[in-house]
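K.L.:
Take this structure first; my questions come after.
Any read-out appearing in this document is the output of simple, stated calculations on the displayed coordinates, not a laboratory observation. These numbers were taken from a predicted model, which means no experiment stands behind them. FYI the Cβ positions are ideal-geometry reconstructions off the backbone, even for glycines, and counts take in every protein chain you see.
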Amino acid sequence: MKEVVEELEEKRKAATLGGGQERIDAQHNRGKLTARERLEILLDKDSFEEWDAFVEHRCTDFDMQDNKIPGDGVVGGYGTINGRMVFVFAQDFTVFGGSLAEAHAVKICKLMNQAMKVGAPIIGLADSGGARIQEGVVSLGGYADVFQLNALASGVVPQISVIMGPCAGGAVYSPAMTDFIFMVKDTSYMFVTGPDVVKTVTHEVVTAEELGGAVTHSTKSGVCDCAYENDVETLLMVRRFVNYLPSNNREKPPYRPTPDKSDRMEMSLDTLIPDNPNKPYDIKEVVYKIADDNEFWEIQPDHAKNIVIGFARMDGHPVGIVANQPMVQAGCLDIKSSIKAGRFVRFCDAFNIPIVTFVDVPGFMPGSAQEYGGIIKHGAKLLFAYAEATVPKITIITRKAYGGAYDVMASKHLRGDVNLAWPSAEIAVMGPKGAVEIIFRNDIGDEEKIAQRTEEYRQKFANPFIAASRGFIDDIIAPHATRKRICRSLAMLRNKKLENPWRKHDNIPL
Ligand code: HXC
């Protein structure tokens with residue numbers, strides 16, 4: 001017995017040391033923490049229960065039988081974040097470069113299956129050289145096993161990927177199938193093919209950072225949802241982020257009591273909208289001012305900035321916020337913003353998070369670039385996402401709600417539960433000038449006549465009254481009462497039940 005205990009201690013020590021002190025030092029010198037150090041920050045103190053620390057690979061090629069490290073390059077198990085259960089795995093770059101092989105993949109799959117059984121989120125910390133070259137196709141099979149479970153877990157438990165080192169080749173597709181991707185600036189990157197292959201195939205010279213660093217993916221591609229300066233900051237932010245999410249698709253999102261009164265008035269909102277309808281204002285000001293404790297967790301803040309998405313709490317309950325941003329491209333919907341918001345709406349709907357939508361949208365972005373890029377299909381993603389969503393949907397039109405974009409942005413017609421408008425709302429087929437130039441085309445050139453027609457149109461349509469008279473909006477509210485009205489609406493909707501017709505699954509325009 002004593003010998004077994006001693007052997008156990010030896011093995012545990014070996015597992016804890018991963019690839020050895022030299023490689024740990026190298027990891028630190030790159031500004032990165034080790035897998036275990038990362039889990040210590042991510043999880044509540046002393047909550048981590050490790051699984052499969054003694055798992056080893058069974059590869060015998062390239063003398064690998066003499067090169068076994070307990071744990072096989074991934075540290076996994078379960079623990080808590082602020083008292084709530086999560087499953088975690090952290091790839092250990094000090095062991096075979098964190099590369100994924102058969103045993104490594106089996107460990108991850110075991111955790112994912114268990115997370116689904118008990119209904120807890122799964123958080124993966126990626127830091128890996130990809131498929132373990134020595135194991136060849138067996139590694140590819142391991143990846144596919146993980147991909148399969150990513151698909152099965154989607155919409156069942158929240159899946160979060162944190163990219164904390166290399167993540168290249170097909171390996172990127174596991175994070176891509178999860179709900180949110182966090183990245184660490186300067187030390188992480190994601191790409192399907194690295195700079196060398198890019199150079200060979202396209203003769204383009206590009207660095208790993210330019211091709212797939214955190215800045216690239218949080219600004220240009222939108223692959224990354226949130227990027228932070230270093231490992232510690234990123235992990236602490238993930239801890240906070242999880243507080244907005246339910247543990248699974250059968251739960252409501254976690255309630256957090258707040259001293260912020262639900263009927264708090266915000267008088268400054270009454271003067272936020274400029275007199276000139278073409279002048280921008282910052283929609284985020286509205287979001288921050290109406291949210292509990294003025295807190296808003298913005299997702300993809302630097303990508304497709306013409307739409308703002310993220311989480312807030314209203315009267316203690318998490319909500320998803322979607323808001324057109326008049327500060328950027330006048331808040332027009334385009335390909336990127338439709339994809340960004342569409343995916344977010346679907347996440348909220350899958351996980352019982354009510355959606356609060358702020359509308360100030362002059363329409364879809366015109367132009368050949370958008371048409372050639374498929375704005376028809378991509379714009380339809382957001383429309384489809386809103387139309388199929390059965391969670392409580394509250395919509396506030398602050399100013400423009402023009403054309404098809406009016407319909408798309410959680411309108412009454414898409415089963416919006418509570419649709420409110422500020423007095424400044426303009427709900428019409430298009431803006432006054434554009435409308436007049438079409439229906440009074442013959443008057444173009446006669447500036448006085450056009451001005452008079454435009455004013456007539458503005459008087460008639462550029463207001464919320466016609467939509468209100470039809471019941472397309474439920475009430476016209478004072479901006480200062482927005483928080484109160486949203487909180488009351490959410491309380492009314494707390495037991496909302498709505499189901500879509502049975503089907504195998506829908507066919508969203510991908
Ligand atoms: C086995 C690997 C490995 C891998 C790295 N290592 N990647 N071992 N399989 N895929 C090992 C190295 O041999 C080294 O071992 C240690 O990890 C650290 O690697 P370094 O190269 O010293 O580190 P660094 O200079 O930081 O470079 C990191 C790297 C580079 C950029 C990730 O290692 C690299 O390019 N690796 C190969 C990446 C790759 O081509 N992977 C396959 C992609 S295809 P020692 O013992 O010296 O410490 C793929 C397909 C997935 O992943 C398909 C899914 C469908």
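K.L.:
Farthest toward the dipole's positive end in the chain, which of 160, 434, 321, given Cβ charges of +1 (Lys, Arg) and -1 (Asp, Glu) about the Cα centre?
P.N.:
434
K.L.:
While we're here: If you filter the stretch 20-104 for chymotrypsin sites (Phe, Trp or Tyr not before Pro), then keep DSSP loop positions with at most 14 other Cβ within 10 Å, what is left?
P.N.:
On the way: sites: 48, 51, 54, 62, 78, 87, 89, 93, 96; in loops: 48, 54, 93.
Those satisfying the criteria are 54.
K.L.:
Taking the stretch 250-339, which chymotrypsin sites (Phe, Trp or Tyr not before Pro) meet the DSSP loop condition and have no more than 13 other C-beta atoms within 10 Å?
P.N.:
Answer by residue number: 255.
K.L.:
In addition: Taking the chain as the region of interest, what is the percent of Cα-Cα pairs per 20 angstrom bin, listed from the shortest bin to the one with the maximum distance?
P.N.:
21, 48, 24, 5, 0, 0
K.L.:
Excluding residues fewer than 8 places away in the same chain, name every one of the lysines whose C-alpha is closer than 16 Å to that of residue 117.
P.N.:
107
K.L.:
Please label the shape of the stretch 306-345 as rounded, prolate or oblate, based on the square roots a ≥ b ≥ c of the eigenvalues of the alpha-carbon gyration tensor (a/c under 1.5 means rounded; beyond that, a/b larger than b/c means prolate, else oblate).
P.N.:
Judged from the Cα gyration tensor, the stretch 306-345 comes out oblate (a/c at least 1.5, b/c at or above a/b).
K.L.:
Quick check: pseudo-label points 7 Å beyond the Cα along Cα→Cβ at residue 240 and residue 470, how many nm apart are they?
P.N.:
4.2 nm
K.L.:
Could you size up the charge dipole of the chain around its Cα centre, putting +1 on the beta carbon of Lys and Arg and -1 on that of Asp and Glu, and report it in debye to the nearest 20?
P.N.:
It comes to approximately 1880 debye.
K.L.:
Taking the Cβ of each residue in 493, 8 as the centre, tally the other Cβ atoms inside 10 Å and list the residues starting with the fewest.
P.N.:
Listed from fewest to most nearby Cβ atoms, that is 8, 493.
K.L.:
Name the shape class, rounded, prolate or oblate, that the alpha-carbon gyration tensor gives for the stretch 171-308, where a ≥ b ≥ c are the square roots of its eigenvalues, rounded holds for a/c under 1.5, and otherwise prolate holds if a/b is larger than b/c and oblate otherwise.
P.N.:
Note, shape of the stretch 171-308 comes out oblate.
K.L.:
Given 25 °C and 0.890 mPa s, how large is the Stokes-Einstein diffusion coefficient of the stretch 335-454 in µm²/s, with Rh as the Kirkwood radius over Cα pairs?
P.N.:
Using the Kirkwood radius from Cα pairs, D works out to 157 µm²/s.
K.L.:
By how many nm would the segment from residue 251 to residue 388 lengthen if fully extended, with 0.36 nm per residue of separation less the alpha-carbon distance?
P.N.:
Result for the pair: 47.4 nm of gain on full extension.
K.L.:
Rounded to the nearest 5, what % of the DSSP beta bridges within the chain are antiparallel ones?
P.N.:
The antiparallel fraction comes to roughly 35 percent.
K.L.:
What is the distance in Å between the Cα centres of the stretch 224-289 and the stretch 32-66?
P.N.:
Cα centres, the stretch 224-289 to the stretch 32-66: 35 Å.
K.L.:
Return the long-range amide H neighbours of residue 426 (sequence gap of 5 or more, or a different chain), with a cut-off of under 5 Å between placed amide H atoms.
P.N.:
The answer is 399, 400, 401.
K.L.:
Name the long-range amide H neighbours of residue 333: under 5 Å, sequence gap of 5 or more, or other chain; modelled H, no Pro or chain starts.
P.N.:
363, 364, 365
K.L.:
Still on this model: Let me know the shape class of the stretch 105-193, please: from the alpha-carbon gyration tensor, a ≥ b ≥ c as square roots of the eigenvalues, rounded when a/c is under 1.5, otherwise prolate if a/b is greater than b/c, or oblate.
P.N.:
Working: a/c = 2.07, a/b = 1.21, b/c = 1.71.
Cα axes put the stretch 105-193 in the oblate bin.
K.L.:
Next up: Using the Karplus equation 6.51 cos²θ - 1.76 cosθ + 1.60 (θ = phi - 60°), what ³J(HN,Hα) coupling, rounded to whole Hz, does each residue of the stretch 211-227 give in order, writing x for Gly and Pro?
P.N.:
With coefficients 6.51, -1.76 and 1.60, one gets 6, x, x, 4, 5, 4, 6, 8, 10, 7, 8, x, 5, 9, 8, 8, 10 Hz.
K.L.:
For 475, 292, which order do you get if you count the other beta carbons within 10 Å of each Cβ and list the fewest first?
P.N.:
Taking fewest neighbouring Cβ atoms as first place, the list is 475, 292.
K.L.:
Let me ask something else about it. Under the rule of -39500 (n - 2.57) per DSSP H run of 4 or more residues, summed and divided by the residues of the chain, what mean residue ellipticity at 222 nm is obtained, to the nearest 500 deg cm²/dmol?
P.N.:
Details: 18 runs with 187 residues, N = 510.
Dividing the helical sum by the residues of the chain leaves -11000 deg cm²/dmol.
K.L.:
Most exposed first by the Cβ proxy, i.e. fewest other Cβ within 10 Å, how do 66, 334, 260 rank?
P.N.:
66, 260, 334
K.L.:
Under 16 Å Cα to Cα from residue 289, which lysines show up? Leave out anything in the same chain fewer than 8 places away.
P.N.:
Cross-link targets: 261, 484.
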